[in-house]
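Here the structure is laid out as structure tokens; the discussion comes afterwards.
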Amino acid sequence: MSSKNILTDTFGRKHNYLRISLTERCNLRCTYCMPAEGIQLSPKESIMSYEEVYTIAKEFVHHGVTKIRLTGGEPLIRKDAALILEKLASLPVELAITTNGVNVDRFINTFKDLGIQNINVSLDSLNEEKFRHITRRNYFKKVHENIFKLIDHGFHVKLNCVLMKDFNEDEIIDFIRLSENHLIHTQFIEFMPFDGNKWNLDKLVSYDALMERVYHEFSKEQVLRIADQPNDTSKNYQVKGYKGTFAIISSVTNPFCDSCNRIRLTANGQIKNCLFSSTESDLLTPLRQGKSITPIIQKTVQAKFKSRGGMDTLEKLKDPTLHSKNRSMITIGG
Ligand code: SAM
Ligand code: SF4
């Protein structure tokens, strides 16, 4: 690792976790992620090639990144997804992926061959009609089947479930019960504001509201709090005797910025020092010009705000003039 430690910010946070978005495209249209009118895609030539993804990732690994997660858009719709996985798996990192699960069956052997163990699959409802409503597509059976294929093949599967009031909060217990006999970890995610997703605090199901439902169903003695790992973004729990676990990622009501170790690379080669940041830095242009990207990475890390891209209070987060300066989630990558 470089002695200058360019991935440490002014608050002493070390950024050893890089999330790379491989594409802005997706085969689903989740309402909370993709605006109804769609998004303006970057021109094809400004999307990173697989070599560019690899070169930038290698630079981050050189400076101390030990974990890379691929995301999108939907990472598994890129034609060269397997090639990118192969290139990145050659780096000394833990490689993980977040996917909507639609194409997962085609990649099971690739994941196995490359030693990729950790697969997060997004699933917001266990009900086919609700799934269709939220994703605006008809892939429920496919995704459900693929999740169980991954489990049968021994992968570590986490389900990402974005909670929304009057939509899927009534399914919290059903999701938790899935982990009674299956090694499934469900991560409930508080609905977050991004450009075009019609966010409103009234739609949020908070950490407190989730736990209220949990304790309505199970006694306090039945619900075990699992110790946090360093840099955990989630609060983890297990129902006594259940095989799997559940967690909540409460970025809105309970931000975990103090221990944040993440940096994001968008599909068009921009780095973002925070999911909520309204600014980004271009790495792809200088890379293509043969210039060093190291100073840009360092400057971007140094510019990181203490909390949520500067939206350090709920009031600021609620202000659409602030949160709408950010990209839509589909072009950041979660
Ligand atoms: N297509 C892949 C998928 O759906 O898993 C990867 C990209 S997606 C943007 C990554 C994660 O971000 C998903 O788990 C999704 O549920 C989450 N996400 C998207 N929009 C969100 C929002 N407004 N609030 C909270 N989570 C969101
Ligand atoms: Fe696509 Fe994932 Fe966004 Fe849904 S959450 S639209 S699957 S990128």
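Taken together, the values in this text are just the output of simple stated rules run on the coordinates, not laboratory data. This structure is a prediction, so every number in the text was calculated from the model and none was measured. Glycine gets a Cβ as well: all are built from the backbone with ideal geometry, and neighbour counts include every protein chain shown.
How many nm separate the modelled label positions at K165 and K142, each set 7 Å beyond the Cα in the direction of the Cβ?
Reported label-point gap for K165 and K142 is 3.4 nm.
Answer rounded, prolate or oblate for region 1-80, using the Cα gyration tensor with square roots of eigenvalues a ≥ b ≥ c: rounded when a/c is under 1.5, else prolate when a/b is larger than b/c, else oblate.
Because a/c hits 1.5 or more and a/b exceeds b/c, region 1-80 counts as prolate.
Taking only Cα atoms and a 10 Å spring cutoff, compute GNM fluctuations for the chain and point out the largest among E128, E315, E169.
E315
Give me the lysines in straight-line cross-link reach of K243: C-alpha distance below 29 Å, same-chain residues under 8 apart excluded.
Correct list for K243: K67, K112, K130, K141, K142, K149, K158, K165, K220, K235.
For region 121-260, what does the alpha-carbon gyration tensor say about shape, rounded, prolate or oblate, given a ≥ b ≥ c as the root eigenvalues, a/c under 1.5 as rounded, and a/b over b/c as prolate?
Here region 121-260 falls in the rounded category.
Can you give me the Cα centroid spacing of region 123-172 and region 1-68 in angstrom?
Computed from Cα coordinates, the inter-centre distance equals 25 Å.
Under 16 Å Cα to Cα from K318, which lysines show up? Leave out anything in the same chain fewer than 8 places away.
Qualifying lysines at Cα under 16 Å: K198, K203.
Loop-only check: which trypsin sites (Lys or Arg not before Pro) in region 119-206 are DSSP coil with at most 13 other Cβ within 10 angstrom?
Sites meeting the loop and neighbour criteria: R136, K198.
What does the highest-first list of 5-15, 242-252 look like by mean Cβ count within 10 Å?
242-252, 5-15
Where a ≥ b ≥ c are the square roots of the eigenvalues of the C-alpha gyration tensor, would you call region 148-222 rounded, which needs a/c under 1.5, or, failing that, prolate if a/b is larger than b/c, or oblate?
oblate
Hey, for a label at N127 modelled as a point 7 Å past Cα toward Cβ, could you say which residues of region 178-204 have their backbone N under 14 Å away?
Hits in region 178-204 for N127 at 14 Å: none.
Taking Cα pairs under 8 Å and at least six residues apart, what relative contact order does region 3-331 come out at, in percent?
22 percent
Comparing L123, L85, L224, which has the greatest mean-square fluctuation in the GNM of the chain with Cα pairs linked when under 10 Å apart?
L224
Would you kindly enumerate the cysteines in the chain that have no other Cys beta-carbon under 4.7 Å from their beta-carbon?
Cysteines lacking a close Cβ partner in the chain: C26, C161, C257, C260, C274.
Antiparallel as a % of all DSSP beta bridges within the chain, to the nearest 5?
Within the chain, antiparallel bridges account for around 30 percent of the total.
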